[in-house]
Amino acid sequence: MGKAMGEALARLEAVIRDRIAAGEAEASYVADLVAKGRGKIAQKLGEEAVEAVIAAVSEDDPALIGEASDLVFHLSILLAERGLTWDVIAAELARRHGTSGHAEKASRQP
């Protein structure tokens, strides 16, 4: 992840945490979504994932960029609602680095 992406995620994470802490659902989409519960956040994340897939399959790069941004935004909300940060995601990705994707997936099998 480049420095710009890391900074963008850190800013996004800070804004989301501030909006959640303020809890002003009438003034903040983030606070409103969190007030509706984890299930609603997860539903929105799923919707954005589907929209990203549709944009990717249609080979519409501007649409994919927009939908990928929406997907990251909603994933950030879900992580924050769970008390998780992008740092823990980065640490997990670092832990997996250098491991074959097939081997890593096999290690998660029951």
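General observations
Here is a yes/no grid of residues against (1) surrounded by 13 or more Cβ atoms within 10 Å (Cβ to Cβ); (2) outside any helix (DSSP H, G or I); (3) within 18 Å of the chain's Cα centre (by Cα):
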site: Ala4; (1), (2), (3): no, no, yes
site: Leu12; (1), (2), (3): yes, no, yes
site: Leu45; (1), (2), (3): yes, no, yes
site: Lys105; (1), (2), (3): no, no, no
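- Taken over region 55-83, the criterion of being loosely packed, with under 13 Cβ neighbours inside 10 Å and either touching a Leu at 6+ places or on another chain (Cβ under 6 Å) or free of Cβ contacts under 8 Å to residues at least 12 places away in the same chain (or both) is satisfied by Val57, Ser58, Glu59, Asp61, Pro62, Ile65, Gly83.
- Subset tally (residues that are part of a helix (DSSP H, G or I) and surrounded by 17 or more Cβ atoms within 10 Å (Cβ to Cβ)) for region 18-43: 7
Each value in this text was obtained by applying a stated rule to the coordinates, not by laboratory testing. A quick note: this is a predicted structure, and the numbers were derived from the prediction, not measured. Every residue, glycine as well, gets a Cβ built from its backbone with ideal geometry; the counts of neighbours run over all protein chains shown.
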